[in-house]
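The values are calculated or read from the model by the stated rules, or taken from the named source; none is laboratory data. Bear in mind the structure is a predicted one, so any value in this text is a computation, not a measurement. With ideal geometry, Cβ positions are generated from the backbone for all residues, glycine too; neighbour counts draw on all protein chains shown. Each accessible area value is taken on the protein alone, full model and side chains, heavy atoms only, with ligands, DNA and RNA left out. Shrake-Rupley method; radii C 1.70, N 1.55, O 1.52, S 1.80 Å.
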Amino acid sequence: MMLRTGIFGYPISHSISPPMHQAAFDHLGIDATYQAWETHPDDLGEGVRGLRDDLYLGANVTVPHKQAVMEYLDDVDDLARRIGAVNTIINRDGRLLGTNTDAEGFITSLIKTHGDINPTGLDAVLVGAGGAARAAAHALADAGIGSLTIANRTPERALALAEEIANQGVTTQAIALSDSGYAGVCRKAALLINSTSVGMLHGPAEEASPVPDGAISAGCVVYDMVYNPPDTPLLKAAESAGARIVGGLPMLVYQGAAAWSRWTGEDAPADVMFKAAEQALRLYS
């Protein structure tokens with residue numbers, strides 16, 4: 001009996017999650033398949049209900065469904081509630097549980113890419129205030145970040161997230177990307193994270209960086225969640241400035257590995273998933 005899992009999204013045709021997860025199943029000889037399920041928002045409820053069948057281990061959830069999916073689940077864990085989004089569904093005997101592995105994927109990739117990075121006590125700047133930014137902000141708060149500045153095109157969203165993280169005992173501030181002080185804030189950061197789509201291949205701002213020219217200090221750790229292309233304009237500028245860089249692919253792999261382990265109860269073969277993700281990414285580049 002082949003088990004099933006997959007990812008809900010709209011659109012979803014270029015997702016590299018299917019080959020990444022399938023490689024892990026195949027490597028460990030688990031009779032399971034992982035598919036991309038392009039699901040219109042109007043059809044999400046019906047799709048999620050189908051996961052209650054014993055054949056399904058669960059599913060991943062990506063944009064635009066990470067918030068809407070919560071109403072179709074039996075329970076959502078504390079982290080996913082704090083983040084306000086679910087990216088992983090687990091089927092436990094027909095009962096659907098929601099969690100969020102983006103936060104774990106973010107922190108794991110940050111620490112493992114450069115083995116000496118510890119976010120505890122660091123001053124960080126987070127660009128963006130959407131779902132990925134929320135996962136990163138809560139992960140940093142849990143890790144004991146020293147201070148967190150949230151910069152966003154819409155300052156009201158940045159302020160709302162900053163206040164939320166401040167309630168966890170973190171010193172925060174919010175700033176608009178258009179603010180004259182934004183570049184100065186970036187220069188002082190020990191950790192600078194982009195959670196927006198700026199610099200994404202084939203995106204509307206493919207050639208742009210979310211950080212002003214000259215606003216990255218040597219020794220800063222610059223993390224770009226964009227994984228295609230691997231060398232985004234932000235990462236190129238960071239390397240030129242003498243900063244250490246982390247691309248978006250490790251976060252994708254580690255959040256996927258965390259979900260895979262929750263479905264199977266096995267340690268995910270992250271190295272196998274990395275290789276499969278890199279191969280798939282080359283096809284879409």
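Here are the numbers for the structure shown:
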{"read-out": "Candidates D224, D267, filtered to the one that is under 30 Å from Q35 (Cα atoms) and in contact with a strand residue (DSSP E or B) (Cβ under 9 Å, 6 or more places away or on another chain)", "value": "D224"}
{"read-out": "Residue match in segment 194-216 (condition: closer than 27 Å to G144 by Cα and among the charged types (D, E, K, R))", "value": "no"}
{"read-out": "Hits in segment 268-277 - residues which are open to solvent by less than 80 Å² (accessible area, probe 1.4 Å) and of a type outside the set (V, I, T)", "value": "A268, P269, A270, M273, F274, A276, A277"}
{"read-out": "Elements of type strands (runs of 3 or more DSSP E) in segment 4-119, at least 1 residues being open to solvent by 50 Å² or more (accessible area, probe 1.4 Å) and without any contact (Cβ under 8 Å) to a residue 12 or more places away in the chain", "value": "88-92"}
{"read-out": "Any hit, segment 238-248, residues being among the hydrophobic types (A, V, I, L, M, F, W, C) and closer than 15 Å to T108 by Cα", "value": "yes"}
{"read-out": "Considering residues of segment 145-161 that are among the aliphatic types (A, V, I, L, M) and farther than 27 Å from A241 by Cβ only, the residue most open to solvent (accessible area, probe 1.4 Å)", "value": "L159"}
